[in-house]
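Structure first, commentary second.
Every number in this text was worked out from the coordinates using simple rules, so none of it is lab data. Only a predicted model underlies this, so the values are computations on that prediction, with no experimental measurement involved. Backbone-built Cβ (ideal geometry, glycine too); neighbour counts: all protein chains shown.
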Amino acid sequence: MSDHLPSEIVEEILLRLPVKSVVKFTSVCKAWNSLIKNQTFIHDHLNHAIDQASNDSIFLNLCLSKDIGRGHYQKEDFYSLYSVNQQTDHHFSVERFPLSHLFQPDRHTLFAGICNGLVCYADYSLLHSATILIWNPLLRKYVVLPKPIMTCKKRDRQHYAKYDLCFGLGFDSKNNDYKVVRLMNLLSQQETPHVEVYSLVSHSWKRITVRVPQFLFRYLNYDWLPPVFVNGAIHWIVGRGDDFGYRFILSFDVTEETFQELMLPQKLNHRQCRVSRLLVVEGGHSLAVVVHSTIICRGRWRWVTDIWVMKEYGINESWTHVLHLGKSLNRGISNILALTGCGKVVAQFVDKAIVLVDPIKKSVERLGPGYSKTLAGTYVESLFFLNNNEPHVLSF
């Protein structure tokens, strides 16, 4: 085909192919290999995938441990991809990834962010032996980050217990660099959190001195609520005051390396509302929040779920209520994972299965199995880490 088509046409065709197909074409000829592994092509392929995300929604469902009862977990290595498009065609696949051996079995290891096809896992330990990695699931390649700067000595248990950790992954578009932010927060709120940033370009950590709004990390069922990356910033749900009486969104601008406090919809800051997670919607351009509330129905408490979208980033008045799941559709749902471009909801049942909820038809369709420690996020395909000559990249 390359003998009959101009190189510009060949490139346009390759830009529109899925990652696994493009990788296969690196073996067609030296010219194609050179083109596909070029950083400009990798960047353009990602931008095309992001543009398509507004029409097709792909969700990555991850697992690093399996609940075996009585508060104990066994390391597991699975992830699944769910693809949902406007024509209601669905694709579901499950694959295994051998990453859990990189983490110590007694450590609290969680997903720390998804950005442009890359996934960050972090060992939520303050010790110097903590493990943090960035992984490309489709290419099955990862990089283990160097040890962070701010750590506690193992013997200093009293000091260790005073702190908590927060991670996030984002993309610096100005410098074409992926960054991991790590916050070490004093639980008493009497000290400014310690902040350090890892750069994938320099492959190093640096401490930054920056104003951070006072906050405590917000947990749900003892699991860290996953951060989301949108509009050039990483976002977390956090709280302040007794029992998180005031809740807000903490954001970190990855390029400017500054923090900001975003307000939640005013109606959500009361005891009956449980802000369960943040979502990235509208093709990755908008921030959304999932809220569970309780109502009394026939003398019994029932859950209802609402989703709000910030239509204009940073403008509190632009929060718009876009979806309501009443008590009938909430029955059996334990977690909301994503909102598709066509208004359907990807959720998890109490039996861990992943389902697709259609609020208009009031129907529920099972997509596939979930995991006891499942976390999910909107995912785009990426060729990042394709070049085997990249430093610090391991393949398996």
Worksheet item: What ranking of MET150, MET184 emerges when the number of other C-beta atoms within 10 Å of each C-beta is taken as an exposure proxy, fewest first?
Response: MET150, MET184
Item to complete: Quickly rank 200-207, 130-137, 116-123 as a protection proxy: mean count of other C-beta atoms within 10 Å, highest first.
Response: 116-123, 130-137, 200-207
Worksheet item: Highest mean first, what order results for 40-49, 377-386 on Cβ atoms within 10 Å?
Response: 377-386, 40-49
